[in-house]
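*Asks:* Handing you a structure now.
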Amino acid sequence: MSTIIRQQRRVLVFTDFDGTLLDHYTYSFEAASQCMQRLQGLGIPIIPNTSKTFAEVKNLQVKMSLETPLIVENGAAIYMPKNFLPEKPRGAVWQNGYWIKTFAQKRIYWQGIIKKIEANHVGQFETFGNMDLDRIMEVTGLDDDSAALASQRQFGEPLLWKASVEDRNDFIEKIKKLGASPLLGGRFLHVCGDSNKGKALLWLLNEYKRQHSTKIVSSIALGDGNNDVDMLEVADTAVRILSPVHSPPELERTHKVYTSTKYGPDGWAEVMNQLIPDIK
């Protein structure tokens, strides 16, 4: 693998959480923690780019000792700490200690869109909004505190699909005609707007470049699922993390694409330790 850090002055790492930095079954990041600490010591920001909610990611960032921007709900919004950039990001608003850039309509809008066609798909799916805490825990494997954070969605609406792939494809076509841009994640079908992890990555990367115009800036993206494809396609370097439950996402690009041989956070550390070796 090429030595990126010696060629570039700034590297931003964008990472999916579930199944990538977090173990698919246990949600642990312990296998990657030593590598993460090393990257932080090198001044390399680790930026979550995930389907998780702001509440979930903020809680995990505290546990991971990360003080970086967070991209939530499949690119619906970016929350940037005040000191991450030298000046106000273009198009962002200041709220609750963050510069916030949004790319999507609120959750209630998409819940209304789903209601317009749910009569044609009775019994075929459950919406996240209709699940109680016990049900969320059951379908996600989260503990009660984490499930409560997961329920605090602001933008899209996740669906747990229970019928056939054919029925799901029919639903997707119908919801697209109503203006949604559904994303199939590791566990859920996300009904959301025309935002994605790739668009959010590019916006933040370009804003970082604009405010660090004398630096050469590059990006690495890591993900394991179909909803990671957009960011894997646009990053300078794409890393596909092996999953125990599905095949690696298919990409059109062939240049600077790496695939781990280990699962989840073990694979995350495996590839990052080779892409960014220690600087003596």
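*Asks:* Principal axes first, then extents: for the Cα atoms of the range 168-280, list largest minus smallest coordinate on each axis, whole Å, largest first.
*Replies:* 55, 37, 22
*Asks:* On to the next question. Here are some pairs, Lys116/Lys176; Lys215/Lys256; Lys115/Lys177; Lys115/Lys197; which of them have Cα atoms lying more than 18 Å apart in this structure?
*Replies:* Result: Lys215/Lys256; Lys115/Lys197 exceed 18 Å.
*Asks:* Once the range 107-191 is represented by equal point scatterers at the alpha-carbon sites, with solvent omitted, what log10 I(q)/I(0) does the Debye formula produce at q = 0.11, 0.15, 0.16 Å⁻¹?
*Replies:* So the normalised log intensities are -0.28, -0.52, -0.60.
*Asks:* Rank Val191, Ile216, Trp203 by how far each Cα sits towards the positive end of the charge dipole of the range 182-225 (+1 on Lys, Arg Cβ; -1 on Asp, Glu Cβ) and give me just the farthest.
*Replies:* So the residue furthest toward the plus end is Ile216.
*Asks:* Name the residues of the range 128-144 whose amide N is less than 14 Å from a point 7 angstrom out from the Cα of Asn96 along the C-beta direction?
*Replies:* No residues fall inside that zone.
*Asks:* Just need the relative contact order of the chain here, percent rounded to a whole number, with Cα pairs under 8 Å and 6+ apart.
*Replies:* About 25 percent, as a whole number.
*Asks:* For the chain, count all C-alpha to C-alpha pairs, find those more than 34 Å apart, and express that count as a whole percent of the total.
*Replies:* 16
*Asks:* Based on DSSP, what percent of beta bridges with both residues in the chain are antiparallel, to the nearest 5?
*Replies:* If I count the DSSP bridges inside the chain, around 50 percent turn out antiparallel.
*Asks:* Same structure again: At a Förster radius of 22 Å, what calculated FRET efficiency corresponds to the Cβ-Cβ distance of Lys174 and Lys106, to the nearest 0.05?
*Replies:* With a Förster radius of 22 Å, E is 0.55.
*Asks:* A further question on this structure: Quick one: order Trp94, Trp203 by neighbouring beta-carbon count within 10 Å, fewest to most.
*Replies:* The most exposed by this proxy come first: Trp94, Trp203.
*Asks:* Largest first, please: the extent of the C-alpha atoms of the range 1-133 along each principal axis, to the nearest Å.
*Replies:* So the three principal-axis extents are 57, 37, 28 Å.
*Asks:* By counting other Cβ atoms within 10 Å of each Cβ, how are Leu275, Leu21 ranked from fewest to most?
*Replies:* Details: Leu275 21, Leu21 30.
So the ranking, lowest neighbour count to highest, is Leu275, Leu21.
*Asks:* While we're here: Please arrange Glu270, Glu233, Glu250, Glu67 by counting, for each residue, the other beta carbons lying within 10 Å of its beta carbon, fewest first. Don't skip to the end; give the middle numbers.
*Replies:* Details: Glu270 21, Glu233 17, Glu250 9, Glu67 12.
Exposure proxy ranking, most exposed first: Glu250, Glu67, Glu233, Glu270.
*Asks:* Can I ask one more? Classify the range 198-260 as rounded, prolate or oblate, taking a ≥ b ≥ c as the square roots of the eigenvalues of its Cα gyration tensor: rounded when a/c is under 1.5, otherwise prolate if a/b is larger than b/c and oblate if not.
*Replies:* prolate
*Asks:* Right, here's the next one. Cα centroid distance between the range 155-177 and the range 31-45, in Å?
*Replies:* 38
*Asks:* Continuing with the same structure: Please report the relative contact order for the range 122-230, taking Cα pairs under 8 Å with a sequence separation of at least 6, and give it as a percent rounded to a whole number.
*Replies:* Working: 111 pairs, mean separation 24.2, N = 109.
Dividing the mean separation by the residue count of the range 122-230 yields 22 percent.
*Asks:* For the range 156-212, max minus min Cα coordinate along each principal axis, in Å, sorted largest first?
*Replies:* 49, 23, 16
*Asks:* Would you mind calculating the gained length between Lys115 and Tyr25 on full extension (0.36 nm times residue separation, minus the Cα-Cα distance), in nm to one decimal? Kindly include the intermediate steps, with their values, before the conclusion.
*Replies:* Working: separation 90, 0.36 × 90 = 32.40 nm, distance 3.17 nm.
This chain segment gains 29.2 nm when fully extended.
*Asks:* Can you give me the long-range amide H partners of Tyr263? Hydrogens built in the peptide plane at 1.01 Å from N, cutoff under 5 Å, separation of 5 or more residues or another chain.
*Replies:* Correct list: empty.
*Asks:* Moving on to the next point. Starting from the 7 Å offset along Cα-to-Cβ, what nm value, one decimal, do you get for the label separation of His246 and Glu87?
*Replies:* Going by the 7 Å Cα→Cβ label model, 4.2 nm.
*Asks:* Can you tell me how much longer the chain between Asp167 and Ser65 gets when fully stretched, taken as 0.36 nm per residue apart minus their C-alpha distance, in nm with one decimal?
*Replies:* 32.5 nm
The numbers here are math on the coordinates, done by the rules we state, and not lab data. Predicted, not measured: the structure shown is a model, and the values here were computed from it. Neighbour counts run over all protein chains shown; Cβ positions are idealised from the backbone, glycine included.
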